[in-house]
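Asks: Here it is: the structure, laid out below.
The values are calculated or read from the model by the stated rules, or taken from the named source; none is laboratory data. It should be emphasised that the depicted structure is a prediction, and the values quoted were computed from it without experimental measurement. Every residue, glycine as well, gets a Cβ built from its backbone with ideal geometry; the counts of neighbours run over all protein chains shown. Heavy atoms of the whole protein, side chains included, go into the accessibility calculation; ligands, DNA and RNA do not. Shrake-Rupley method; radii C 1.70, N 1.55, O 1.52, S 1.80 Å.
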Amino acid sequence: MQLLESVQMATRALKSNKLRSALTMLGIVIGNASVITMVGIGQGAQRLAEEEFEALGPNLLFIIPGTQQDRRTTFELPKTLVLEDADAIARQVPAVSQVAPQINAREVVSYQQQTTNITVLGVTPEFSPVRTFQVEQGRFIEDSDLRRNARVVVLGSDIADQFFGDRNPLGERIRVKNISLEVIGVMESKGAFLGTNQDEAVYLPLTTMANQIVGRTSPYGLEVSVITVSARNAQSIGAAQFQIENLLRLRHNIIGEDDFTVRTQKDVLSIVGTVTGGLTIMLAAIAAISLLVGGIGVMNIMLVSVTERTQEIGLRKALGATQQDILSQFLIEAVIVSAVGGVVGTVIGIGGIVFIGAVSPLASIISPLSILLAVGVSGGIGLFFGVFPARQAAQLDPIVALRRL
């Protein structure tokens, strides 16, 4: 029997039971759509993270206190970086253009009867250019504010909207941890960064933050949460990292393991890529389970079909059909069901990615590889799970089958 004829017979058999064929395809459709959508979401999340880091600026380095082991074993940041370290880097590292130390904390911020718990950052004037934050109203923190421990504050755009709405917040006073501060500026909207809304924050002079909000707890100076450094250009990043590490080792009298970590933007992107890549694989693996379930459904329905068509199989064998002919027909039916389900699932999966891209900040990334893989796997599942029913049909004794006529 020719292949084309087998395909035609398989198609007619599937059309004779349209509802059952559609329900058989449903598991494959859901599996394919899930795999393609999950892979698209994972890749979209990775692209979003890359874009957010690129928006920070191409030449950034982040100096974080403590070793990786320290950060894994404690909820509090180690107090191994101080403001004098940042000053030394700015003075003694030639590959660096600007240095922005900061102190981070979660504090209660209130205005009249409104209260919220948000991120409060103690910063220096260099924070704005290094992190490419722009002021929309008023001004940012200045050197004179640091020298005077000035009780002033700059608001993120969302906090300004929450507290003041359409009113001008400049000159108003808010409270941070029961300390009254004058609003001197409002930042432009910056959006989210790695899931954290940067517009839900307020900015104080670093000295005010240290002396009046969080207090000083390090015996070595005014401790900071992170030091962000801007290299002179992209070619200076490696030199800046090397020089910073050597300088801090000398300042901290380090002989063994460093008590700080210097990360370049490329390092952080690599870590984020590893995490999002792992999550993408995990999501795809979970979604692929539904493909396996769909394959089991194909095998189940094909076994039912063999039982229902026993008489047909016996008659065809009596008329000269070989085991290979019967095997081919049932295998082709299983592959057609899986392949068509795969194509329909692919269309739904692509639609799901486009929809998610339209209603969320994730990019709509449609991976041709994931589409080919999903369709190929679904066809392979049809072939794999169709073998047993097809062999059972091919091995039927025509005499036994004909007795059911």
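Asks: Have a look at Phe242, Phe163 and point out the one that is in a helix (DSSP H, G or I) and open to solvent by 10 Å² or more (accessible area, probe 1.4 Å).
Replies: Phe242
Asks: Within the group Val183, Val153, Val120, which residue is surrounded by 14 or more Cβ atoms within 10 Å (Cβ to Cβ), more than 21 Å from Ile227 (Cα to Cα) and modelled with pLDDT of 90 or more?
Replies: Val183
Asks: Shifting gears a bit: Of everything in the range 123-142 that's within 30 Å of the chain's Cα centre (by Cα) and β-branched (Val, Ile, Thr), which residue is modelled with the lowest pLDDT?
Replies: Only one residue fits best here, namely Thr132.
Residues are listed down the side, and each one gets a yes or a no for (1) aliphatic (A, V, I, L, M); (2) touching a strand residue (DSSP E or B) at 6+ places or on another chain (Cβ under 7 Å):
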position: Leu155; (1), (2): yes, yes
position: Asp158; (1), (2): no, yes
position: Phe164; (1), (2): no, no
position: Ile174; (1), (2): yes, yes
position: Leu181; (1), (2): yes, yes
position: Gly185; (1), (2): no, yes
position: Glu188; (1), (2): no, yes
position: Val202; (1), (2): yes, yes
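Asks: Read through the list (1) more than 25 Å from Ala90 (Cα to Cα); (2) free of Cβ contacts under 8 Å to residues at least 40 places away in the same chain; (3) loosely packed, with under 15 Cβ neighbours inside 10 Å, then give the number of the only condition that Asp143 fails.
Replies: Result: Asp143 passes all but (1).
Asks: A further question on this structure: Search the range 237-251 for residues that are of a type in the set (S, T, N, Q) and pair each with any residue that is open to solvent by less than 60 Å² (accessible area, probe 1.4 Å) when their beta-carbon atoms are under 7 Å apart and the residues are at least 6 apart or on different chains.
Replies: Gln241/Leu61; Gln241/Val262; Gln241/Thr264; Gln243/Val93; Gln243/Ala95
Asks: May I pose another question? Looking only at the range 353-377, which residues are at pLDDT 70 or above, of a type in the set (Gly, Ala, Ser) and more than 17 Å from the chain's Cα centre (by Cα)?
Replies: Result: Gly376, single match.
Asks: Starting from the range 84-103, keep only residues that are of a type in the set (Ser, Thr, Tyr), then list their pairs with residues that are open to solvent by 10 Å² or more (accessible area, probe 1.4 Å) whose Cβ atoms are within a distance under 7 Å, requiring at least 6 positions of separation or different chains.
Replies: What qualifies is Ser97/Ser230; Ser97/Arg232.
Asks: Can you name the residue in the range 335-359 that is of a type in the set (Gly, Ala, Ser) and surrounded by 22 or more Cβ atoms within 10 Å (Cβ to Cβ) and is also farthest from Val35 (Cα to Cα) among such residues?
Replies: The selected residue is Ser338.
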